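**Q** Here you go, one structure.
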Amino acid sequence: MQNTLLITGGAGFIGSALVRLLIKNTDYLIVNIDKLTYAGNLDSLREVKHNARHVFKHLDICDKDAISAIFRQYQPQGIIHLAAESHVDRSIIGSAEFIQTNIIGTYTLLECAREYYANLVNKTGFKFVHVSTDEVFGSLENSGFFNETTSYDPRSPYSASKASSDLLARAWFHTYNLPIIVTNCTNNYGPYHFPEKLIPLVINNALQLKNLPIYGKGNNIRDWLYVDDHVQGLWLAFKAGRVGESYCIGGHNERTNIEVVETICQILDGLKPRADGKSYTQLITYVTDRAGHDYRYAMDPTKIQTELGWAPIESFDTGIRKTVQWYLDNQDWVRNIFDVHTRKVV
Ligand code: NAD
């Protein structure tokens, strides 16, 4: 029988990286469920477009009948759930979609999976991997790390909606024995990232000689992970993770926002020098800080490293250079995402 896995949000940044990895490195049939919001883009799946093991389903995870029908039709051995509204700034301007997709959508998937799992004859190996973020843990001061025992303390509508969905997933494990695994990862970066998030926004603005906006003084610290290292962790969690557990994923790459932006500028100064001879750093502009801006995120990934043998391949220095080069080489992808819909970058 064909091994089959459902992926939700597989036309997004991280989901598309996971689909590409699984098509390349496994024999699974991948059923990719995505609503194609402004952040979903079939062009991010162009490498697997003609592969018979990739089936795309244009669906909303809140549509219970349609999702249940997918479970019945494809009889998957598991699901890795990434579909979400994912941008903190958008959640501050309007939280309704975040509540709907991140909480109601996750609840709907859990219910569909529960019903399917209850009737599954061979339950061995079935897993529901719920993909979440380090932002559920709140904000750190200058020392310390988040780990699997850190209390939840979300501060933004986005992180509160993700925290809610994590708790629902855990409850479905304890109450219904649904084999759940929760992962909490740090900030991702890499190819196919919608240019509203810091790194692709800065690369893209710099290439257009637009201002590079930095919140506050640029001192907020994020722990950056190259997207391919994250999806490798998700695959390990699916294959070898213990059900009922959570795994924190991060590569010890803490950088202040201003360090990140200056690094990108220096790489671009080398790879694509400005015609006027100036450095891209001269485009840096400090703007009013984000409301409730968490100061620092940093992860201790010891559990996934020791239990599942996960280790990131990219350091920040190698990953950011690859990312800048990818955007230089793939300006058609950037142009397309703005052409396809009336997508608004906030
Ligand atoms: P993204 O915004 O790039 O992609 C989200 C995808 O979900 C899009 O393709 C979108 O079309 C789809 N989607 C949204 N609502 C949907 C719905 N109702 N039904 C079906 N599909 C829907 O997000 P991302 O950065 O790839 O993040 C993926 C997941 O990983 C999210 O759950 C996010 O919380 C989590 N995460 C992200 C990061 C990060 O740094 N980006 C870090 C840790 C965890």
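**Q** In segment 237-339, which helices (runs of 4 or more DSSP H) lie fully inside it and hold 2 or more residues that are among the aliphatic types (A, V, I, L, M) and closer than 22 Å to L18 by Cβ?
**A** Output list reads 302-308.
**Q** Something else now. Answer with yes or no whether I30 is surrounded by 22 or more Cβ atoms within 10 Å (Cβ to Cβ), touching a Lys or Arg at 6+ places or on another chain (Cβ under 8 Å), closer than 19 Å to K239 by Cα and not aromatic (F, W, Y).
**A** yes
**Q** On to the next question. Against the definition (within 28 Å of Q331 (Cβ to Cβ), within 20 Å of the chain's Cα centre (by Cα) and within 13 Å of the ligand (Cβ to nearest atom)), how does R222 come out, yes or no?
**A** Judged against the criteria, R222 is a match.
**Q** Scan segment 97-115 residue by residue and report those that are more than 10 Å from the ligand (Cβ to nearest atom) and under 25 Å from S16 (Cα atoms).
**A** I99, I103, Y107, L110, E111, C112, A113
**Q** Another question, then. Mind checking which pairs have a first residue in segment 319-330 that is in contact (Cβ under 8 Å) with a residue 12 or more places away in the chain and a second that is among the aromatic types (F, W, Y), Cβ under 6 Å, 6 or more apart or different chains?
**A** Once the first residue is in contact (Cβ under 8 Å) with a residue 12 or more places away in the chain and sits in segment 319-330, its partners that are among the aromatic types (F, W, Y) give G319/Y226; T323/Y189.
**Q** Which of the numbered conditions does P195 fail, given that it passes all the others? Conditions: (1) buried (at least 21 other Cβ atoms within 10 Å of the Cβ); (2) within 16 Å of the ligand (Cβ to nearest atom); (3) outside any strand (DSSP E or B).
**A** Only one criterion is unmet by P195, namely (1).
**Q** Among the residues of segment 42-61, is there at least one that is among the acidic types (D, E), within 8 Å of the ligand (Cβ to nearest atom) and touching a His at 6+ places or on another chain (Cβ under 8 Å)?
**A** So far as segment 42-61 goes, no, none of its residues is among the acidic types (D, E), within 8 Å of the ligand (Cβ to nearest atom) and touching a His at 6+ places or on another chain (Cβ under 8 Å).
**Q** Considering segment 282-315 alone, what residues qualify as being closer than 18 Å to N184 by Cβ, within 19 Å of the chain's Cα centre (by Cα) and either exposed (fewer than 14 other Cβ atoms within 10 Å of the Cβ) or of a type in the set (A, V, I, L, M) (or both)?
**A** A298, M299, I304, A311
**Q** What residue, among those in segment 73-93 that are within 14 Å of the ligand (Cβ to nearest atom) and over 15 Å from the mean Cα position of the chain (by Cα), is surrounded by the fewest Cβ atoms within 10 Å (Cβ to Cβ)?
**A** It comes out as D89.
**Q** Would you point out the residue of segment 247-286, among those that are of a type in the set (K, R) and touching a residue at least 12 places away in the same chain (Cβ under 8 Å), that is farthest from V231 (Cα to Cα)?
**A** Checked segment 247-286; the qualifying residue farthest from V231 (Cα to Cα) is R274.
**Q** Okay, moving on. Looking at segment 27-41, which of its residues are in a loop (DSSP other than H, G, I, E, B) and away from the ligand (no atom under 13 Å from the Cβ)?
**A** D27, Y28
**Q** Right, another one. State all residues of segment 121-139 that are part of a strand (DSSP E or B) and more than 12 Å from the ligand (Cβ to nearest atom); if no residue qualifies, say none.
**A** If the condition is that a residue be part of a strand (DSSP E or B) and more than 12 Å from the ligand (Cβ to nearest atom), then K127, F128 are the ones that fit.
**Q** Of all residues in segment 94-112, which are buried (at least 16 other Cβ atoms within 10 Å of the Cβ), assigned to a helix (DSSP H, G or I) and among the small types (G, A, S)?
**A** G105, the sole residue that qualifies.
**Q** For segment 147-159, name all the residues that are crowded, with 20+ Cβ neighbours inside 10 Å and either in contact with a Phe, Trp or Tyr (Cβ under 7 Å, 6 or more places away or on another chain) or in a helix (DSSP H, G or I) (or both).
**A** Result: P157, Y158, S159.
**Q** Something else now. Just one of the numbered conditions (1) of a type in the set (D, E, K, R); (2) in contact with a helix residue (DSSP H, G or I) (Cβ under 8 Å, 6 or more places away or on another chain); (3) within 16 Å of the ligand (Cβ to nearest atom); (4) more than 18 Å from V88 (Cβ to Cβ) is not true of R170; which one?
**A** Every condition holds for R170 apart from (2).
**Q** Go through segment 48-72 and give me each residue that's surrounded by 14 or more Cβ atoms within 10 Å (Cβ to Cβ) and in a helix (DSSP H, G or I).
**A** If the condition is that a residue be surrounded by 14 or more Cβ atoms within 10 Å (Cβ to Cβ) and in a helix (DSSP H, G or I), then V48, K64, A66, I67, S68, A69, I70, F71 are the ones that fit.
**Q** Sticking with this structure for a sec: Look at segment 1-26 and say how many of its residues are under 16 Å from I80 (Cα atoms), more than 14 Å from the ligand (Cβ to nearest atom) and in a loop (DSSP other than H, G, I, E, B).
**A** Number satisfying all stated conditions: 2.
**Q** Please go through segment 179-192 and pick out each residue that is among the polar types (S, T, N, Q) and crowded, with 22+ Cβ neighbours inside 10 Å.
**A** T183, N184, T186, N188, listed by residue number.
Any read-out appearing in this document is the output of simple, stated calculations on the displayed coordinates, not a laboratory observation. Because the structure is a prediction, the values reported are computed rather than measured. Backbone-built Cβ (ideal geometry, glycine too); neighbour counts: all protein chains shown.
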